[in-house]
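Colleague: Before I ask anything, here is the structure I am working with.
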Amino acid sequence: MRPHRVRRSHAVIIDFQRHYTPPEFLKGEHSAVSVQLDESGNPNYLLNPLLADLAAHVRMMDRGGIDAGVLSCGIGFDQPDLATCRLVNDRIKQAVVDHPGRFIGLAHVPALNPSEAAAELKRCAVELGFPGVVIASELQGQALEVEALRPFWRAAADLGLYVFVHPLARVIAWPQLYVDDLGRMLGWEFSLMTATVRLINSGLLDELPSLKIQFSHFSGGIGRYLGRIRGFQQREKWGTAAVPGHGRQPKKPFDHYLQERLFYDCAGWAGPDHAGEWGAEWVRFGLQEVALSQAVFATDYPQAVRDAEEVADYVASVRALGPDARAMVEGVSAERLIPDLKERIGKRA
């Protein structure tokens, strides 16, 4: 059963997934869109000059009626180097300062290094004023619930930072995905779904009741697989109750975590063509599958959608889906992740 609907007290549009890359990290031809390839020749990241163009970000938000955007940087999703993380965080803070009320920053940390991650999380929360931190759905090949990451999760919870989980910054190491751009097309979404189920079954959310996690892309579209997931959570029925590593169960019913503990953004469709039509269709399905109280608005600019007119079309098309979609766009859950949101956007000149 879904939680009750959250009432909307204001109409503020916050874009919870907005990619930014400081100019010094933007490799390749700065005036053209290109793709970064891994060692196996697989596309794993889009190199887009708009990533570093904050003025274009602001123009796009103005055209689409978006009040503010939450910035994260792909270089820091799974970054083991503290110096790189600190530079990314400082550049994002500068973006926040230079454009009052328009941007909100997320922290980037070497999450598998407990002492460095804790110190940088504290700096980002206290000195830089970031409300959250971003990590990839897999970190250096490790799942998000591994013991080495427990200090990271505890530090985020202790500081009151929400954690934004973005697809891994590389292609899953499975040769069947090494063609047709399947690593990004499907592999990234599979990684998000897998991370979601593993985190729930690991007991992490039971150990840290105040922890808030936002999964990208409706958690990879996990709602469309819930019939199968719920079925295989019946360990006795499927003979896995006593099998090591396969009989894990959280303390509460599985749907409690899906519908009341985790948050989801509505990015995940791929553009930029047909932004309104395809984006709205993705959102329509997503809001049938997760609780409205857990959903936040996102564009994935400037990767999934790049043109200001297409963004405006996407915003309008999603709002036209009905009251639930309109409430999500207008920030029904935004303050649950960023409690001082009104104060932040109130700084807008």
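Colleague: Starting from the amide H of ARG18, placed 1.01 Å from N in the peptide plane, find each other amide H under 5 Å away whose residue is 5 or more places distant or on another chain.
Modeller: VAL70, SER72
Colleague: So, one more: Is the shape of region 272-349 best called rounded, prolate or oblate, per the rule: a/c under 1.5 gives rounded, else a/b larger than b/c gives prolate, else oblate, with a ≥ b ≥ c the square roots of the Cα gyration tensor eigenvalues?
Modeller: oblate
Colleague: Return one whole number: the accessible area per residue of region 178-327 in Å², for a 1.4 Å probe. Let's see the in-between values first.
Modeller: Working: 6430 Å² over 150 residues.
I get 43 Å² per residue for this part.
Colleague: Right, something else. If you roll a 1.4 angstrom probe over the protein chains with everything in place, what fraction of the accessible area of region 1-144 belongs to carbon and sulfur, to the nearest %? Spell out each step's value before the answer.
Modeller: On the way: 3120 of 6020 Å².
It is 52 percent, rounded to a whole number.
Colleague: So which trypsin sites (Lys or Arg not before Pro) in region 249-349 are both in a DSSP loop and have at most 15 other Cβ atoms within 10 Å of their Cβ?
Modeller: Numbers: sites: LYS251, ARG261, ARG284, ARG306, ARG319, ARG326, ARG336, LYS342, ARG344, LYS347, ARG348; in loops: LYS251, ARG306, LYS347, ARG348.
Filter output for region 249-349: LYS251, LYS347, ARG348.
Colleague: Please compute the net charge surrounding ASN44, taking Lys and Arg as +1 and Asp and Glu as -1 over other residues with Cβ under 11 Å from its Cβ. Please report the intermediate quantities before stating the final value.
Modeller: Details: positive: ARG170, ARG184; negative: ASP38, GLU39, ASP181.
Net of charged neighbours comes to -1.
Colleague: Highest mean first, what order results for 146-155, 103-112 on Cβ atoms within 10 Å? Please list the in-between numbers first.
Modeller: On the way: 146-155: 16.3, 103-112: 26.5.
The packing order, highest mean first, is 103-112, 146-155.
Colleague: Treat each spin label as a single point 7 Å out from the Cα along the C-beta direction, and report the HIS256 to VAL33 distance in nm.
Modeller: Modelled inter-label distance: 4.5 nm.
Colleague: Under the classification rounded if a/c is under 1.5, otherwise prolate if a/b is larger than b/c and oblate if not, where does the chain fall, given a ≥ b ≥ c as square roots of the Cα gyration tensor eigenvalues?
Modeller: Details: a/c = 1.31, a/b = 1.21, b/c = 1.08.
Rounded, because the longest to shortest axis ratio a/c is under 1.5.
Colleague: Here's a follow-up. Would you calculate a helix-derived [θ] at 222 nm for the chain, using -39,500 (n - 2.57) for each DSSP H run of n ≥ 4 and dividing by the full residue count, to the nearest 500? Let's see the in-between values first.
Modeller: Values: 14 runs with 125 residues, N = 349.
Computed mean residue ellipticity for the chain: -10000 deg cm²/dmol.
Colleague: Also, quick follow-up: Considering only GLY279, SER333, GLN259, whose Cα is most displaced toward the positive end of the charge dipole of region 237-349, charges sitting on Cβ of Lys, Arg (+1) and Asp, Glu (-1)?
Modeller: Going by the Cα projections, it comes out as GLN259.
Colleague: At 1.4 Å probe size, with the rest of the protein present, what percent of the exposed accessible area of region 256-349 is carbon and sulfur atoms?
Modeller: 49
Colleague: While we're on this one: Decide, for region 69-184, between rounded, prolate and oblate: order the square roots of the alpha carbon gyration tensor eigenvalues as a ≥ b ≥ c, take rounded if a/c falls under 1.5, and otherwise choose prolate if a/b is larger than b/c, else oblate.
Modeller: oblate
Colleague: Pull up all non-local amide H partners of ALA107: gap of 5 or more, or a different chain, and H-to-H distance under 5 Å with H placed in the peptide plane.
Modeller: GLY132, VAL133, VAL134
Colleague: Would you kindly derive the ³J(HN,Hα) couplings of region 218-234 from the backbone phi angles with the Karplus curve 6.51 cos²θ - 1.76 cosθ + 1.60 (θ = phi - 60°), listing them in order in whole Hz, with x for Gly and Pro?
Modeller: Ordered by residue, 3J(HN,Hα) equals 6, 6, x, x, 4, x, 6, 10, 5, x, 6, 4, 4, x, 6, 6, 7 Hz.
Colleague: Sticking with this structure for a sec: What ranking of ILE14, ILE345 comes out by heavy-atom accessible area, probe 1.4 Å, highest first?
Modeller: Numbers: ILE14 5, ILE345 30 Å².
In descending accessible area the options line up as ILE345, ILE14.
The values are calculated or read from the model by the stated rules, or taken from the named source; none is laboratory data. Keep in mind it's a predicted model, so treat the numbers as computed, not measured. Neighbour counts are summed over all protein chains in view; Cβ atoms, including those assigned to glycine, are modelled from backbone coordinates with ideal geometry. To get the accessible areas, we keep the full protein, side chains included, count just its heavy atoms, and leave off ligands, DNA and RNA. Shrake-Rupley method; radii C 1.70, N 1.55, O 1.52, S 1.80 Å.
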